[in-house]
Amino acid sequence: MTIKVGDKIPAATLAHMTADGPTNISTEDLFSGKKVALFALPGAFTPTCSAQHLPGFVRHSDDLKAKGVDIVACLSVNDAFVMDAWGKSQNAGDKVMMLADGSAVFTRAIGMELDLVEAGLGVR
C-alpha cells in the first residue's frame, strides 16, 4: 500500500555523501522537527530525470525554502556514490540533498517500488 497524507514516515536508513564519505541518516533524524520536501526518482542519470525532474528542484529550491521548507531532498534507489556524482553533475550543491536508498528498503516501506527486473534494471 502506498503511503498517504497523514501517515507516519517509516523507519529506515538512507545514505548521503559528506566530506567524510558516505554517511547513513535515519528517516527519524532526517524528518524529525523539520519540513522536508522529499521527491523520489527512478534512477540517477536517467534521461528525463536528469533533463527535467532534478534540475527543476535545484532551480526552485530557494523558493521552497522561502516557503518554510528546511530540506529539499532527492531520493533514488542508487548508492551514495552515484547520487553524489549525479548531484555534482546537476549542480545540486547545498540546494538539494541527494539521498541513496540502495536496497530500496525505504521505497518498499512507502509502497513505491517498481519492479523493472525484466528490463534489467532491478527494483526501483
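Structure above, values below:
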{"item": "Residue in the range 109-124 that is open to solvent by less than 20 Å² (accessible area, probe 1.4 Å) and touching a residue at least 40 places away in the same chain (Cβ under 8 Å) present", "result": "no"}
{"item": "Filtered residues of the range 3-18 (kept if touching a helix residue (DSSP H, G or I) at 6+ places or on another chain (Cβ under 7 Å), open to solvent by 20 Å² or more (accessible area, probe 1.4 Å) and more than 15 Å from D84 (Cβ to Cβ))", "result": "I9, P10, A11"}
{"item": "Restricting the range 19-35 to residues that are in contact with a helix residue (DSSP H, G or I) (Cβ under 9 Å, 6 or more places away or on another chain) and among the hydroxyl-bearing types (S, T, Y), the residue that is nearest to K8 (Cα to Cα)", "result": "T27"}
{"item": "Residue list for the range 47-60, filter: closer than 25 Å to I9 by Cβ and either touching an Asp or Glu at 6+ places or on another chain (Cβ under 9 Å) or open to solvent by 30 Å² or more (accessible area, probe 1.4 Å) (or both)", "result": "H53, F57, H60"}
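The values are calculated or read from the model by the stated rules, or taken from the named source; none is laboratory data. Predicted model, so just to flag it, every value in this text is computed and none were measured. Virtual Cβ from ideal backbone geometry, glycine too; neighbours counted across all protein chains shown. Calculation scope for accessible area: heavy atoms of the full protein, side chains included, ligands and nucleic acids excluded. Shrake-Rupley method; radii C 1.70, N 1.55, O 1.52, S 1.80 Å.
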